[in-house]
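The values are calculated or read from the model by the stated rules, or taken from the named source; none is laboratory data. Not measured: the values here are computed from a predicted model. FYI the Cβ positions are ideal-geometry reconstructions off the backbone, even for glycines, and counts take in every protein chain you see. Note: accessible area is taken over every heavy atom of the protein model, side chains too, but ligands, DNA and RNA are not part of it. Shrake-Rupley method; radii C 1.70, N 1.55, O 1.52, S 1.80 Å.
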Amino acid sequence: MRLSLVFFSAAMAWALPPTVTDLKPRGAQKGRPFKLTLVGRDLTEVIRIHSTLPASFTALSPEEPPGTMAEGRYASFLVEPKSDAATGVYPVRVETADGISNVQLFSIGDFTELTEDEAAMGALPNRNDSIENPQSLPESAVTVTGTLRGAERDFYRVQAKAGERRVIEVEGRRIGSAIDPVIRVFDAAGKELAKSEDTPRLGLDARVDLKFPGDGYYYVEVHDARFSAQSANFYRLKTGVYDYPTDIFPLGGRRGEVVEVSLGAQTLKADLRNEAPDARVAFVSLPGSPALPLPFDLGDHPEVMEPLAAPVALPVTINGRLSKPGEVDRFALAVTPGQRLLVEVRARELGTSKIMAVLSITDPVGKQIARSGDEKLPEDFFTVGQSQTAGDPNVFFQVPEGVTQITVAIEDLALRGGPDYAYRISARPASEDFSLSLNTPFVNIPEGGSANVPVILNRKGYLGDVQVKVKNPPKGLIVEGGYIPLQNPSQVQGNRGIVRNGVLILSAEPGVRIPAVELEIEAVGTPAGVPAIVRRAEGPGMLVAVSGATIQGSVDRQRPVNGNWMGMDLPAAGTSAMPAALAVELEKTTHKTSGDEFLFRWKWEGSEVEFPKTVSIDMVSAADIRAIEMKRDEADAATGTFLVTTTRLTQPGTYDFYVTGRLMWRGQNVDIYSRPIKVTVKEAPADAVADDR
């Protein structure tokens, strides 16, 4: 979805791009005006709020005295939502004269809003950290915004009557928090009555639905599952009597159609006729429920439901569910010998299914053609780190000669099953394919300088080179880099997609301030003998770091929080010129039998800054290429050299790399990027030859 714009006027002055670290409050009751305070850095001159929240934003006077250390830390607005603002989560970002900020998420709910005592601005900590000193909540339905500081436990006291029903729910990951919430409910004697963690359809969030056994006081505890310390440590505790979806099936539907979807006790019509062509998901809600809407996958192929009595034609999307533990669902597909096919699962990544899918393809006699979901990760240094449990599987394969029918089988890796193990299998002809995702949610491009946009390429059969570009560059924007070299077929292991990274360098011409714009990033591959493959990049919307292991194999609860439902474009804006510029030049090339050596010189340009002793060199998908022997000139601190070396095993081709220098500027670390540099690797000569130039 695109962000709507609400304009404000303000004086212009130089500052670093804005950063929003928190919102006060994190949510509001539907239809009620409220004061919203943004907390962060360089927020003094907010000129625009970008949000999909249907509301008017009126700037209020700064809350901190001018000239104090807190200047630019806060920006406040009177927000008046429209009466038709639906229950849900809305992105909020700001724009100043010097760029755009990150996104924070804001919730619109149905209940009276409260703030945890210790989460209020300026409050003392440890106000409600034990069952002996809980914060009391009213008997009416409320939503409480709270925070968890590391190994903290927050306690709330509620009064209830015998047999009274109460729903207690925590919104955390769904609203952009890094905590993994757990709910526990105790009686007055400290006996645990209920516990919830990772509730179905809520991702890592939690919900308890219980009836109290007797009259009296009860205690609700909220804590992080790992008692971890997170920078994004907020949550929203919702308690009341309400209905919510107890199921979702199917998990999605075909774009442009009206789809019947079960949410448990109710079945409704999901109208997908007006969804944007680039939208990955829509949202469905239980009418009248204060529960947040559930994501609903969008497809473009004809849809069918299990069970299937006869082979189905391609392309197709199959909707099914592993209804009991150990179940394996199988479907017959009509195919053509020699045909290349892509079969993909959409389930767990939607957050509404618990399945860890294993996908297998067999021929009519049971011989395996392809399999994915339980294979080892590629032992490849240049593969982007992946979690063994991170994604839904896909397979790309060629139908063997003489085969006109294949069987697609799906099961859970741990042989689980039940109502929460639904899936969508998409199968289509695809000679070769890939997908592209952005590894940054937004970018600020300095006047006359450069910014980098990391991208991740997931190969699905296509092993050739790929060029990433900007489809709609504004005037004054220079687009460079973005080249990802072809893949050596010998490095392909099994049917898991090969993941490669790349970097697109965006620069502004001298004297040009890029306006706020949504950049469309796309990748182009050129297979031999067939039309080019063009795929639009998928943006993450937001990226919130989660403390804990980030190495390959880490579990989902420690993956960064994203908001890819927000849309596929890359928000960008111009910012002031950086305090320095970094240039890199090739001084000398030496060809050897063992490989090539390229001598480069870096040079800083600028004043009033202390230049670092070293710079960082980032090679893009370049096996066996190294940067070594970095030396700063003794006589000139603004310049130095390094070597880039190849080996005889380096695959011939053209490789991008770029250089980064980190400066301390106005109390903050600032990364300065060079323009991208290309290194062309040729076949090593038979004899040692030196070619200096």
Check: Where both partners of a DSSP beta bridge lie in segment 135-275, what percent of those bridges are antiparallel, to the nearest 5?
Finding: 95
Next item on the list: Can you tell me the relative contact order of the chain? Whole percent, Cα pairs under 8 Å, sequence separation 6 or more.
Entry: 9
Notebook entry, point to check: Using a ≥ b ≥ c from the Cα gyration tensor of segment 284-331 (square roots of the eigenvalues), is it rounded, prolate or oblate, where a/c under 1.5 gives rounded and otherwise the larger of a/b and b/c decides, a/b for prolate?
Noted result: oblate
Item checked: Coordinate range along principal axes, alpha carbons of segment 220-327, Å, largest first -> 52, 38, 31
Checklist line | Cβ charges +1 (Lys, Arg) and -1 (Asp, Glu), total dipole of the chain, debye | finding: 720
Checklist line | Lys/Arg +1, Asp/Glu -1 at C-beta; the chain dipole; positive extreme among F77, G320, L53 | finding: G320
Next item on the list: Name the residue farthest towards the positive end of the dipole of the chain from the options L413, G27, L649, assuming +1 on Cβ of Lys and Arg, -1 on Cβ of Asp and Glu, about the Cα centre.
Entry: L413
Notebook entry, point to check: What accessible surface, in Å², does a 1.4 Å probe find on V304, ignoring ligands, DNA and RNA and rounding to the nearest 10?
Noted result: 40
Next item on the list: For M578, tell me the accessible area in Å² from a 1.4 Å probe, rounded to the nearest 10.
Entry: 50
Item checked: Heavy-atom accessible area order for D569, D215, largest first, 1.4 Å probe -> D215, D569
Margin query: What does DSSP give for the chain in terms of the percent of beta bridges that are antiparallel, rounded to the nearest 5?
Written below: 90
Notebook entry, point to check: With every protein chain kept in the model, how would you rank E522, E118 by accessible area, 1.4 Å probe, largest at the top?
Noted result: E522, E118
Notebook entry, point to check: Distance in nm between label sites at K82 and Q266, each 7 Å beyond Cα in the beta-carbon direction?
Noted result: 2.2
Item checked: List M356, M566, ordered by accessible area with a 1.4 Å probe, largest first -> M356, M566
Margin query: For a test of the definition: using alpha carbon positions, the gyration tensor, and the 1.5 limit on a/c, classify segment 69-140 as rounded, prolate or oblate.
Written below: oblate
Check: Separation between the V328 and K475 pseudo-spin-labels, each 7 Å from Cα along Cα→Cβ, expressed in nm?
Finding: 6.3
Check: So how strong a dipole does segment 500-638 carry about its Cα centre when Lys and Arg Cβ are +1 and Asp and Glu Cβ are -1, to the nearest 20 debye?
Finding: 440
Margin query: Using a probe radius of 1.4 Å on heavy atoms only, what accessible surface per residue do you get for the chain? Whole Å² is fine.
Written below: 43
Item checked: Bridge type composition, segment 270-362 - antiparallel percent by DSSP, nearest 5 -> 50
Check: Can you list residues whose amide H is under 5 Å from A370's amide H, if they're 5+ apart or on another chain and H is modeled 1.01 Å from N?
Finding: I361
Checklist line | Selected from A334, P473, T145, residue furthest toward positive end of dipole (the chain; charges at beta carbon) | finding: A334
Next item on the list: Quantify how much of the Cα-Cα distance distribution of the chain extends past 40 Å, in percent.
Entry: 39
Margin query: With a 1.4 Å probe and all protein chains kept in place, how much accessible area does L268 have, in Å² rounded to the nearest 10?
Written below: 30
